[in-house]
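The values are calculated or read from the model by the stated rules, or taken from the named source; none is laboratory data. Predicted model only: the values in this text are computed from it and were never measured. A quick note on method: Cβ atoms are made from the backbone with ideal geometry, for glycine too, and the neighbour counts reach across all protein chains shown.
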Amino acid sequence: MPHRLLRPLANHMIWLVAGILLGSSLAWAWPVRTAVAFTSDRNDKFAMTTAPTGPTTEGIFVLDFLTGQLRGFALDRTASQFMWVYSRPIARDFGVDPNKPARYTMVSGLAQATGRGGASYAPSYIYVAELSTGRVQAYAIPYRTQRGSTPVQLIPVPNLQFAFAEPRPEAN
């Protein structure tokens, strides 16, 4: 009688072990993809986003709405400090008056720019849109191999005009 009760349990155990072996084999053989995530946030005075700046480094980019300045900071892991390494006066790129408030938004995306003349770029772009002009401008991030606090200019790439633009209120 006890032998008869153990037989269904043995069948279940065989199926359980077979499932574990099959699942482990599939997990081992399946190609691995690394998860990538970017973050962005904003308020009425500035926006910030993160973006990869190299194979193992990430930077934070801050866009000041009042001055139209885009600045990027990357963490120097050996010195354990932030270094101001990227800069761009984007108000000029959009043709807006830097003394008047503009309506910007900013995100980052994963893409690899092709280098010209030996230049190499980070594996991401910074995308900025300005509502009154109705334009989106992408910026390539030059890849830095040396430490330094001297800002490097972000490189504008061709922009696009999106379908709507909001007129700017005239100053009184």
Open item on the list: I need every pair where a residue in segment 105-118 that is modelled with pLDDT under 70 has its Cβ under 8 Å from the Cβ of a residue that is not basic (Lys, Arg), sequence separation at least 6 or different chains.
Closed with: GLY115/TYR121
Open item on the list: For the condition loosely packed, with under 10 Cβ neighbours inside 10 Å, at pLDDT 80 or above and of a type in the set (A, V, I, L, M), what is the one hit in LEU66, LEU26?
Closed with: LEU26
Open item on the list: I'd like to check which strands (runs of 3 or more DSSP E) are fully inside segment 32-104 and have at least 1 residues that are in contact with a Gly (Cβ under 8 Å, 6 or more places away or on another chain) and in the same structural domain as TYR125 (by TED's automatic domain parsing).
Closed with: 46-52, 58-64, 69-76, 81-89
Task: Test for TYR125: is it modelled with pLDDT of 85 or more and either out of contact with any Ser or Thr (no Cβ under 9 Å at 6 or more places or on another chain) or not in a strand (DSSP E or B) (or both) - done: no
